[in-house]
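First comes the structure, then the notes that go with it.
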Amino acid sequence: MRLDNPAIFGEVAVGPGDELFLLSKRHETLNYVSGRKRATQREIDDFHETLIRRRKHATGIGARYFHLVAPDKHAVYDASFPIPIDYRLGAHYASCIPSDLLEYPVSRLQSLLPERVYRKTDSHWSLLGSIAIAAFIAARMGISEPIVADGLREMREAMRTEKKEFSGDLGSKLEPNHREPLQTLVADWEVEEAANVVPGNEGVFRIFKSSHSQAKGRMVIFGDSFSFQALLPLSRYFHQILCCRTRNYHHEIVSMARPDFVLTQNVERYLSSPGNDKTASTFFLIPQLIGREISYSVPAAKALAEFLSFGNIGLGMERG
């Protein structure tokens, strides 16, 4: 049931059963869902051309590529969203851009309902949602169906509910805080992790190196917090992953690393202002250009150098 006067507290909307949703002022969520604002054909065409250029570069070095739009929570939990949805931004882009370039897995996530695929107090995927999307990405990148199915089964069995509770990015905005059980993935494979330290988000990278016997290949991801959240499930399928927090495709990283797979990703609301790769700076200059201090541990610097030096003949590196 839609409410004539929905409960809205700042940027948080409360639906039936205290389901929380983000109403981003910066990305004009209310204007888009009401249909008062829509993507223009020029915006969609420009982003389509951007994805074509990205694919051309990625495939030129032998990598598989596609772009993933992480659906906003209200697009999946539309029956609980307390405001009528007259326009769907992600669905509009997906209807105009071929699926070999852009995937918008809203139906995949909805197929798992009523299991939780987004956290109740948060705008992000639940653990199950991250596992499902990791399997979706693996299948889309050409990983065999039996391996994808094995991974889904193994990770579902490895899900644990902790005693302590968690207040998400929406629940923490309310008083009193809304809380929910915290779930974790108890992986039975070892993962080596490395990261830089940057205040904020842009310019952060994380590297995962998986020991799982079925994890193959090297992946570069340019994305947002949804990509970062899915890294552990993705390590079930991919041997090495470099994930960079950015809205752009950075040619210099792909050219140096020469990965087997390249994924670009953004959450649906970011389509209100798609990235323009033509004005993108070098990824590793982003913190300095926005006035942030950056630091590396020695192990993180070594892990990054190893990943980016893949194309350097003489280092004796082999594909995983």
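Each value in this text was obtained by applying a stated rule to the coordinates, not by laboratory testing. Computed from a predicted structure; not experimentally measured. Methodologically, a virtual Cβ is constructed for each residue, glycine included, from the backbone with ideal geometry; neighbour enumeration extends over all protein chains shown.
Mean separation of Cα pairs under 8 Å and 6 or more residues apart, divided by the residue count, gives the stretch 7-308 a relative contact order of 19 percent.
Listing Arg116, Arg53, Arg218 from fewest to most neighbouring C-beta atoms within 10 Å gives Arg53, Arg116, Arg218.
Note on Lys37: lysines with a C-alpha under 24 Å away, same-chain residues under 8 apart excluded, are Lys25, Lys73. With the largest listed first and rounded to whole Å, the semi-axes of the equivalent ellipsoid of the chain from the Cα gyration tensor are 32, 23, 20. Here's the picture: a label point sits 7 Å out from the Cα of Lys278 along the beta-carbon direction, and within the stretch 42-77 the residues with their amide nitrogen under 18 Å of it are 42-57.
Can you give the net charge of the other residues whose Cβ lies under 12 Å from the Cβ of Thr161, counting K and R as +1 and D and E as -1? Numbers along the way, then the final one.
On the way: positive: Arg116, Arg160, Lys163, Lys164; negative: Glu162, Glu165, Glu180.
Taking every Cβ under 12 Å from that of Thr161, the sum is +1.
Across all Cα pairs in the stretch 108-221, the calculated P(r) in 5 Å bins from zero up to the longest distance comes to 2, 9, 15, 19, 21, 18, 11, 4, 1, 0 percent per bin.
If R0 equals 30 Å, the separation of the Cβ atoms of Ser24 and Phe166 corresponds to a calculated FRET efficiency of about 0.90. Bridgeable aspartates and glutamates around Lys163 (alpha carbons under 16 Å apart, same-chain partners fewer than 8 residues away excluded): Glu180.
Segment Ile294..Met159, full-extension length gain: 45.2 nm, with 0.36 nm per residue of separation and the alpha-carbon distance subtracted.
Rg then Dmax, both in Å and based on the Cα atoms of the stretch 253-300: 14.0, 39.
Working from label points 7 Å from Cα in the Cα-to-Cβ sense, the Ser255 to Glu145 distance is 4.0 nm.
By the compact-protein rule of thumb, 2.2 N^0.38 Å, the alpha-carbon radius of gyration of the stretch 104-157 corresponds to a ratio of 1.13.
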